[in-house]
Every structure is written in structure tokens, then in C-alpha cells.
1. Might you check whether a residue that is touching a Leu at 6+ places or on another chain (Cβ under 7 Å), β-branched (Val, Ile, Thr) and more than 19 Å from Gly144 (Cβ to Cβ) occurs anywhere in segment 52-61?
2. Hey, among Met436, Met417, which residue is closer than 30 Å to Gln15 by Cα and of a type in the set (A, V, I, L, M, F, W, C)?
3. Would you tally the residues in segment 52-80 being of a type outside the set (A, V, I, L, M, F, W, C), over 26 Å from Glu37 (Cα atoms) and within 33 Å of the chain's Cα centre (by Cα)?
4. Tell me which of these Phe163 doesn't satisfy, since it passes every other one: (1) open to solvent by 40 Å² or more (accessible area, probe 1.4 Å); (2) out of contact with any strand residue (DSSP E or B) (no Cβ under 6 Å at 6 or more places or on another chain); (3) in a helix (DSSP H, G or I).
5. Give segment 636-666 a look and list any residue that's assigned to a loop (DSSP other than H, G, I, E, B) and hydroxyl-bearing (Ser, Thr, Tyr), or say none.
6. For segment 615-661, name all the residues that are among the charged types (D, E, K, R), over 30 Å from Ser326 (Cα atoms) and either free of Cβ contacts under 8 Å to residues at least 12 places away in the same chain or open to solvent by less than 50 Å² (accessible area, probe 1.4 Å) (or both).
7. Select from segment 175-189 the residues that are open to solvent by 20 Å² or more (accessible area, probe 1.4 Å) and either at pLDDT 80 or above or in contact with an Asp or Glu (Cβ under 6 Å, 6 or more places away or on another chain) (or both) and list them in ascending order.
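The values are calculated or read from the model by the stated rules, or taken from the named source; none is laboratory data. For clarity, every value in this text was computed on a predicted model and none was experimentally measured. Methodologically, a virtual Cβ is constructed for each residue, glycine included, from the backbone with ideal geometry; neighbour enumeration extends over all protein chains shown. Areas reflect the complete protein model, heavy atoms only, side chains present, ligands, DNA and RNA absent. Shrake-Rupley method; radii C 1.70, N 1.55, O 1.52, S 1.80 Å.
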Amino acid sequence: MTAELVRGQNHPLSQSRLEIRISAGTPVAAAAALSDENGRIHGTEWVAHPGAPVQPGLEVSRQAAADHRLAVDLDAVTEAVHRVSVLLALPAANGGAGPARFGAVAAPFVAVTGLDGTEVASYTITGLDLESAVVALELYRRQGAWKVRAVGQGYAGGLAELFADQGLSEAAQLAAGIDEAVARGLARSVQAPPPRTSEGDRSRQAAAPAVGPDQGAAPQGAPGPVPPAYGGQPAGGQGQGGPQPAYGGATGPHASAGGGPVNYSHPRRQTSAPPPPPPAAPPAQPGQPTRPVAGDATGWSMEERLYNQVWGMFEDLARTAAAYRSAVDFAESRMDKELEQALSDPRSRIGGQGDAAREAARARYTQLVDQARASLDRDVAQLVAESEVVEPALPPAFARWDNPCWHAYRVPMEIPMALRLGDLRLPEAESIRIPMLLRLPLERGLWIDSGRTDSLDGSFTDSHDMRRLAMDTAVAHAARLLAVYPAGEFTVHVVDPAGSGAQALAPLTQTGVLVGPPAQGAAGVTEVLARLTQRVDLVQMALRGGAPDALPPGFDTSQQLLIVNDFPHGFDDRAVNQLRYLVDEGPSVGVHLMMVADREESAGYGPLLDPLWRALLRLTPVPDDHLADPWVGHAWTYEPPAVPHGSEVLRTVLTQVAEARRTWNR
């Protein structure tokens, strides 16, 4: 399955002979540079470019083109080589024709494939503006294994500045030689391919977010529009809508040459083939509905198809429930109007005439409601049948804890598209639960609300039990996050100032998946927050300075999750400010927060903490109808994930995760 990378993200490589495919909206020059473990290029012979297209282990195109295929043989490079960087440059930046900066063209797309054409990883280079040369991605050696990292580092000074930044003393001469070689072959450069239809385009559409049941569901009564749910809808997914940029698309306001925004969905990128068709449903019996099939939505992989199918089920249920509610409202309005007309005449209030009118109005109301209910029941029955085939087919990241797939669990090699945070249901359709999927990597933190003391069924839960349930829910979420990330790619910290969550945290502490024991007391809170805020500062400085690799030796590049229990106990004003800083700045550099807290207990801070609560996705440890869909505003009941009573699946999975982490760190 393809890994779609974002800037700074890496992915392991299982093959040594690879092909780098580049697609751009305008002719670009492509090169590949070899460098040592410090990122330094030792000489011009370490660079494959149009003037010298073949170097040991590398072969690049001889001219500028809109599409390139670069060959890489990692076994053929010398032991001194630790990195292979893929470079792109605009010929026009040095006197050629066409655009002179990447901000004026569609975002280039780079894919790493095997020799059989199987895509391993891809990266859309967004966020460029004045730059005319860019390090697209790099293949690097780590502990004897090779990985690919999305870089996207641009240089306004072109190739000369790029090579100088990588320590090449002959940077200006090499850049001039490449410009000359490109100029000779520019007349033969391949033009951008013609536009393709959306069915044949692999790109992420910028006007097609995946709106679904996660942070798109907003607290009822909250001001402002409902934000998108999944963070991005794969192309070809069901039910397009909404104005948010898609997953992998652009969010920056970079201007084109004509002054308008650049469409980073890259409509002119040619792909090798349209997505494979979904599995065909078996023929239905005459008069019977089509039998559902797992993975019958559009997508490039079974995971993407199932993701789109779940999203489609969510939308289908929302719309069929909206139709039923609308029909009931119409029937009530019509009955009220008919009764008002019948009773407006005093003569009809006495005798059998008035009774007959009232009975007729009620009969018509009942008929309309029964028709609407029959239609709803038919649609829900179809969705239930679809759920019965989809649930068993879901991968661990999408599956409930009672799914048999967890018994065959193995630590994955790549990050999944999304994570299941629980289930959603509507009161009109109690027989079906829709998985609530959240796109990965996380774009916002989570808040497990421990302050509710009642539930929808009227039962009462005291504050002590709510705190315990909230911590159990947080541990279940954290365990799933650890389970779906590759070994060494996700790290969990815990702040438990009073030690009240020790029992709930036992699966994490006893299996050894935490980076360290839960921090306790004010000193522990201060130490953990200082360490994570320093991490955010370091990564931000490295990225802003254009040196993502200039981090301290041994720096942990994995995603970080901080679980905070009993807030604000143990937090002083400085710690509160640091917490807000992590919420605001952390997700962009891989630091995420999971709060287990009762908002009322922090009321003393007043409006200071309002931005913190708004920035987090609120979840509850008991069923609660606080979520709303973005189409018709239904109040959806959220049900948290529950590990089967007496099951050891959580500890078994975490034990495997801990063992994989130990193996990775050896």
C-alpha cells in the first residue's frame, strides 16, 4: 500500500532497486545528489544531472521535462554514501522560457516505485513560492536499512544555492554546467500531459474533503461552521462536498503568475492507470436489493476503499434519517393545518362531523409517517446488511476491539489512513453503528471529558466512576495509536500528578510501551512539559531554518503523544501556558495532546483556557449525543471504544508493540 508522505515524514524501503517518478505542470530539470552521513556532497562526481546523467547507482534524465523517471540502485552506491537526494530545478530561473519560481506552477508530485511499477511512497511538494530549486525527497541509510523522507526544501537562489548549502565547493560551476546542458535539451523537453478526467487522476481534489464522523462533528450550539471531519477525502470517494482542502492538498495562499491561487490538486499530472475497479457485487435475486460487498467504494487499496465505504455509510444514514424527520415534520404540519381548518367552523365542533374530520386528519398523518418509516427501515436494513460484511473486513486501525483481526495482529510497517475512535448512531436507527474514523496523522488533540455525571439511558454515574471510565477510554485510544504505528514511530508520555490513574494506566506501564513512568507531582509536570515544548521549538527552528536534519544526535523523530490526567492539579501558570503552546503548535511537528479532564475544575482560569478546549476534539467515556454531522446537523450519539470484559486483547497487542520497539532500538 502506498504511503502518502507529508513534509518531514519518512517511510521504510524494502527494495534496493527503485524508480523515482516525477510529474510537474511545467518542464523541470531533475538531478540526484549523493552525500555522506552529514549531508555533504564531496564533489561534482557525486551528482547525476542532465550533463552527466549516469553515476554509480544513479541515472537521471538528460533534459528538462514535465515528467521524469530516475533509476536508483541503492546496492550500487558506495559505503561512504548515506543519502540520495532528488533535486528539481526550473530552467527559466536561469534565462530559459517559462515560469521562474515554483510558486507560479502546480505543486510537483514525486513517487518512489518498485521496478514493477508498484508505488511505495509519494509526496506532493506544497508550500513553495519564490524558490526555483528544491530538494524533493531523500533516500537515507539508517542502521543498515534504507528509508525515504519527504523534504520539500526550496532555494530561491536556484541550484547554486542548493549545492552550496550541501557543502559543495564547486556549486556555482556545477549549477552553470547543468543550466547549459538543460538549455541544449530544452527544445526536446516533453510537454505536460493533457488533462485527464477525475476518474483517471490520482490527485487529491482540493474541493473534495472527507466530511465524516470525527472532528467534523461539532458540539451542538457551538458558533461558526462545522469543520471538515476526516481532513481529506480520497479522490473518487463517495459524496463530495465542502470547501476545505483535501488530504495531501495545499493550504497555503501561494499566488500563480496571474495572481490567482495555485491549484495544488495537479489536474495535469498523468498517472499510469485509473484506480482498479471495486469488487463487483453478486447478482441479486429478482425484486431483492443488491447484496453488499466489503470494499465496493472507489480507492487505490482495500484500506482506502473501506475508508470511503464507511464514510459513505455515514452520509447515507444521515441523509435517510433527515428524509424521515422531514417527512414526519411535514405530516405533523399538515395534520395541524387540517385540524385548524376543521375546528375553525363552530358548526363542525359538535356532532359527528368534527370527529370525522379529526379522525381523517390523524389517519392521513399516520399514513404519511408509516410510509416514511417504511422507507427509513428499508434503507437502514440495507445499511445493516452492508455493515455486517464491512465490519469483519476492517483492518485493525478501523476495527472494534472485539474484531478477530486483533488476534492475528502484527506490528504494521506503515501508518494507516485513519483510526477508529468509537461508534456513532442515531435514535431512529438503533440497529446500526457507524465507525467514527479520524484521519492520521492527528491534526488536533483529544479531550476525554470526565465531567459528565449522567448518561442517555438515565443512569447516574458518580464523579469517581467517571474519572475511572475516562482514563480507561484514554488508555484504549492510546493503545490503538501505538498499535497502528510502525515500531519506533509513536511515543507516549503520561502526566498523572496525583497518581490517581495508576490502575487504568496498568496496561501501558506493565507492558513497557511508555517512554518512561508516568510523571507525578508538580516537578514531574514541569519536567515533561519543558521537554516537549523544547522539542517543538527545536523542530520548528530546524524547519524554518531549512535544515530538518540539523537536530541533536539521537533525536527521537517519532510522533509524540502526551496524556494528561487530573488537569489542572499540579499545573502552575507557566505549565498551563506550556500546555496551551503544545495544543497550538505541537500537531504541526508531531506532538499531540490527550487531556483527561473536567472542564469545570479549571473554571478558575476563566476564558484563558477557552481556546484550549476549542482546539481539542471532545470525546466522552459514556454514550453522549454531543456530536453533529456537517450536512443536516443531526445529534449523533457517540459511543466510546470498549474492550470486551475479561479480554486480554489490549495487553496482548501492547506486549507485541513493546517487543517490536525493543527490537527496533537494538
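1. yes
2. Just one listed residue meets the conditions, Met417.
3. 2
4. Every listed condition holds for Phe163 apart from (1).
5. Step one: list which residues in segment 636-666 are assigned to a loop (DSSP other than H, G, I, E, B), which gives 640-648, 666.
Selection gives Ser647 alone.
6. Listed by number, the residues that qualify are Glu648, Glu659, Arg661.
7. Of the residues in segment 175-189, the ones open to solvent by 20 Å² or more (accessible area, probe 1.4 Å) are 176-177, 179-180, 183-184, 186-188.
Of everything in segment 175-189, those that are open to solvent by 20 Å² or more (accessible area, probe 1.4 Å) and either at pLDDT 80 or above or in contact with an Asp or Glu (Cβ under 6 Å, 6 or more places away or on another chain) (or both) turn out to be Ala176, Gly177, Asp179, Glu180.
Condition check ((1) β-branched (Val, Ile, Thr); (2) modelled with pLDDT of 75 or more; (3) crowded, with 18+ Cβ neighbours inside 10 Å) across all residues:
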{"position": "Thr126", "(1), (2), (3)": "yes, yes, yes"}
{"position": "Leu130", "(1), (2), (3)": "no, yes, no"}
{"position": "Tyr140", "(1), (2), (3)": "no, yes, yes"}
{"position": "Gly154", "(1), (2), (3)": "no, yes, yes"}
{"position": "Leu159", "(1), (2), (3)": "no, yes, yes"}
{"position": "Gln173", "(1), (2), (3)": "no, yes, no"}
{"position": "Thr197", "(1), (2), (3)": "yes, no, no"}
{"position": "Ala208", "(1), (2), (3)": "no, no, yes"}
